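Undergrad: Starting off with a structure, shown below.
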Amino acid sequence: MSASSVPRQVASPLRIAVVGGCGHIGLPLGLLLCDRGHTVTLVDVNAASVKTVSEGKVPFDELGADELLPKCLASGRLKLTLAAESVRDQDVVLVTIGTPVDEYLDPDIRTFDRVIDDVVQWMRDGQLLMIRSTVFPGVTERLARRVADRGIEAQVAYCPERIAQGYALRELTELPQIVSGCSPEAEERATKFFEDLGARVIPLSPVEAELAKLFTNSFRYINFAISNQFYMLAERHSADFGRIYDAVTFDYPRMKGFARSGFAGGPCLLKDTMQLASFNHNLLTLGQNAMMINEGLPRFIVDQLKSKGPLIHSTAGILGMAFKGNCDDPRSSLSYKLRKVLTLECREVLCTDPYIVDPSFVSLDECVAKSDFLILGACHSQYRDLVIDKPVVDVFGFLKKQAIR
Ligand SMILES: NC(=O)C1=CN([C@@H]2O[C@H](COP(=O)(O)OP(=O)(O)OC[C@H]3O[C@@H](n4cnc5c(N)ncnc54)[C@H](O)[C@@H]3O)[C@@H](O)[C@H]2O)C=CC1
Ligand SMILES: CC(=O)N[C@H]1[C@@H](OP(=O)(O)OP(=O)(O)OC[C@H]2O[C@@H](n3ccc(=O)[nH]c3=O)[C@H](O)[C@@H]2O)O[C@H](C(=O)O)[C@@H](O)[C@@H]1O
């Protein structure tokens, strides 16, 4: 997508607050809405992010956002603030804050409640409150009750975000939008909101929409666990999973959707599988098993290496610390878990990543030159054609021209 192409303008421009507006979801969404003609206020508690974005800089990699942000600021229709009370002056309040799980892998309800209390106290009759963050079943209806309990006649909708980070601006205009409302009017207004942007809309009830989002991410997470389990089994038989994968997927439609093996990390897939299981972990045994398989992969790789000889005098190198390829985001990346395990077993561990600035990292050349063996942690394009004259573990089957192990 070219962010500078003439965008379709909305028929009825609105005043919109995006709470969590400097985050990975809030910022691209806010920019798109502004670009389409709405007046957007990005509300965020992170003063550093608010300052960075106000200066026209996008704090993370997001395709097209670097061009779009200055354009939006220049339009005079994009504002930034730390103050939650700015939601008072809006027609629509979008919530895009993080929704983490706690130390017991249950949703951290207090975080969400605190934000809602911050926001809802400033709301007024007639507004549309739209939740975009990924929430567990029941949160939207509970929120609607809390709004009503305060005597505010506002509409509450839940319209889950489904973009892949890094490609938000393109996907926001391409993906169908799941839309739900706690009242017919809320659903109608949320539907119009997205139809105005040219999106196709799929209506569901709030709890259906909550489950739809969580089923999607859990499905993806469990799918990766299947391949990762097969990878481990192949390794135990000294077989190459990548060759088997290529064989069973070649011209054989019934294996369509069979995922490649790899580190299934990042801020969402595991977290959302746990949100789906919330307070019912016994009801999502597939999700629990997927967690054990996916999170166990770094330890499995190290144990495989150890079974071939002691590591205690060796230097290990990790290629790629981001949670996925061509991405600058280290959140919940399994490369960090791998680094921890290797640190216990090896003399030294060297890490490199072209997208992440970290004083403890070394350059790619140094990492390759000084390591006795390497492990691919993230599928950055720069690594694809590397020819390395050393043992390399590539769980993803990503590297070309590379003899593995
Ligand atoms: N990152 C992704 O690829 C996707 C994320 N989601 C969901 O979107 C939600 C947000 O995720 P991200 O944008 O990745 O998180 P993030 O951490 O990048 O952004 C959240 C933003 O909210 C701000 N914030 C926190 N508390 C606040 C408050 N009380 N008032 C105002 N701002 C506040 C933070 O400072 C931060 O800038 C989560 O529920 C996530 O599961 C959904 C689809 C994709
Ligand atoms: C493409 C897609 O469906 N993305 C959904 C997902 O996005 P996210 O940014 O987490 O990327 P993604 O799923 O590709 O990688 C995660 C990990 O899997 C690993 N991964 C990836 C591909 C593969 O074949 N193997 C593998 O191990 C990879 O190395 C990562 O470690 O969650 C978002 C969310 O709700 O938060 C949804 O909105 C998105 O639609």
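Undergrad: Can you tell me which condition L376 does not meet? The list is (1) closer than 25 Å to A225 by Cα; (2) crowded, with 21+ Cβ neighbours inside 10 Å; (3) in contact with a Lys or Arg (Cβ under 9 Å, 6 or more places away or on another chain); (4) not acidic (D, E), and all the others hold.
TA: Here L376 meets the rest and fails (3).
Undergrad: Can we say S49 is within 11 Å of ligand 1 (Cβ to nearest atom), part of a helix (DSSP H, G or I) and within 24 Å of the chain's Cα centre (by Cα)? Give the derivation first.
TA: Numbers: within 11 Å of ligand 1 (Cβ to nearest atom): yes; part of a helix (DSSP H, G or I): yes; within 24 Å of the chain's Cα centre (by Cα): yes.
The answer is yes for S49.
Undergrad: Next question, about the same structure. With the condition kept exactly as written, say whether any residue in the range 109-125 is under 30 Å from H281 (Cα atoms) and part of a loop (DSSP other than H, G, I, E, B).
TA: No, the range 109-125 has no match at all.
Undergrad: I'm trying to understand the selection: among the residues of the range 305-327, which are surrounded by fewer than 18 Cβ atoms within 10 Å (Cβ to Cβ) and under 30 Å from the mean Cα position of the chain (by Cα)?
TA: Of everything in the range 305-327, just one residue is surrounded by fewer than 18 Cβ atoms within 10 Å (Cβ to Cβ) and under 30 Å from the mean Cα position of the chain (by Cα), namely N326.
Undergrad: Okay, moving on. Just to check your reading of the model, which residue among M274, M292 is surrounded by 22 or more Cβ atoms within 10 Å (Cβ to Cβ) and in a helix (DSSP H, G or I)? Even if it seems obvious, please write down each step before you answer.
TA: On the way: M292 fails: surrounded by 22 or more Cβ atoms within 10 Å (Cβ to Cβ).
Exactly one residue qualifies, and that residue is M274.
Undergrad: Could you check how many residues of the range 72-108 are under 19 Å from L42 (Cα atoms) and either buried (at least 16 other Cβ atoms within 10 Å of the Cβ) or in the same structural domain as F279 (by the TED database) (or both)? Let's see the steps before the verdict.
TA: Narrowing the range 72-108 to residues under 19 Å from L42 (Cα atoms): 72-99.
Add one more test, that the residue is either buried (at least 16 other Cβ atoms within 10 Å of the Cβ) or in the same structural domain as F279 (by the TED database) (or both), and what stays is 72-73, 77-81, 84, 86-87, 90-99.
Adding up the residues that qualify gives 20.
Undergrad: Is there any pair linking a residue in the range 109-123 that is assigned by the TED database to the domain that holds A84 and farther than 15 Å from T140 by Cα to one that is open to solvent by 70 Å² or more (accessible area, probe 1.4 Å) and not acidic (D, E), with Cβ under 9 Å and at least six apart or on different chains, and which?
TA: Every condition considered, the pairs that remain are D118/V45; Q121/R150; W122/R88; M123/R88; M123/R150.
Undergrad: Here's another thing I want to ask about it. Within the range 182-192, can one find any residue that is near ligand 2 (Cβ under 10 Å from one of its atoms) and either touching a residue at least 60 places away in the same chain (Cβ under 8 Å) or on the phi > 0 side of the Ramachandran plot (or both)?
TA: The first filter runs over the range 182-192 and keeps only residues near ligand 2 (Cβ under 10 Å from one of its atoms), leaving none.
Within the range 182-192, not a single residue is near ligand 2 (Cβ under 10 Å from one of its atoms) and either touching a residue at least 60 places away in the same chain (Cβ under 8 Å) or on the phi > 0 side of the Ramachandran plot (or both).
Undergrad: Restrict the check to the range 122-139 and report whether at least one residue is away from ligand 2 (no atom under 16 Å from the Cβ) and aromatic (F, W, Y).
TA: Narrowing the range 122-139 to residues away from ligand 2 (no atom under 16 Å from the Cβ): 122-130, 138.
Those still in the list that are aromatic (F, W, Y) too: 122.
Scanning the range 122-139 turns up at least one residue that is away from ligand 2 (no atom under 16 Å from the Cβ) and aromatic (F, W, Y).
Here's the yes/no breakdown for (1) closer than 19 Å to G198 by Cβ; (2) within 16 Å of ligand 1 (Cβ to nearest atom); (3) surrounded by fewer than 23 Cβ atoms within 10 Å (Cβ to Cβ):
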position: R8; (1), (2), (3): yes, no, yes
position: L14; (1), (2), (3): yes, no, yes
position: A17; (1), (2), (3): no, yes, no
position: L29; (1), (2), (3): yes, yes, no
position: R36; (1), (2), (3): yes, no, yes
position: V40; (1), (2), (3): yes, yes, no
position: S54; (1), (2), (3): no, yes, yes
position: V58; (1), (2), (3): no, yes, yes
position: G64; (1), (2), (3): yes, yes, yes
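Undergrad: In the range 139-252, which strands (runs of 3 or more DSSP E) lie fully inside it and hold 3 or more residues that are under 27 Å from D89 (Cβ atoms) and either at pLDDT 95 or above or open to solvent by 10 Å² or more (accessible area, probe 1.4 Å) (or both)? Full working, then the answer.
TA: Numbers: elements: 155-158, 177-181, 201-203.
Once the strands (runs of 3 or more DSSP E) in the range 139-252 are filtered for at least 3 residues that are under 27 Å from D89 (Cβ atoms) and either at pLDDT 95 or above or open to solvent by 10 Å² or more (accessible area, probe 1.4 Å) (or both), what remains is 155-158, 177-181.
Undergrad: To continue, here is another question. Identify, from the list L78, L29, L82, the residue that is within 16 Å of ligand 2 (Cβ to nearest atom), within 27 Å of I152 (Cβ to Cβ), hydrophobic (A, V, I, L, M, F, W, C) and touching a helix residue (DSSP H, G or I) at 6+ places or on another chain (Cβ under 7 Å).
TA: Details: L78 fails: within 16 Å of ligand 2 (Cβ to nearest atom); L82 fails: within 16 Å of ligand 2 (Cβ to nearest atom).
Criteria check complete, one pass: L29.
Undergrad: Spot the failing condition for L69; the list is (1) buried (at least 21 other Cβ atoms within 10 Å of the Cβ); (2) part of a strand (DSSP E or B), and only one is missed.
TA: The number of the failed condition is (2).
The values are calculated or read from the model by the stated rules, or taken from the named source; none is laboratory data. Just so it is clear, the structure is predicted and the values come from calculations on it, not from any experiment. Glycine gets a Cβ as well: all are built from the backbone with ideal geometry, and neighbour counts include every protein chain shown. For accessibility, only protein heavy atoms count, side chains too; no ligands or nucleic acids. Shrake-Rupley method; radii C 1.70, N 1.55, O 1.52, S 1.80 Å.
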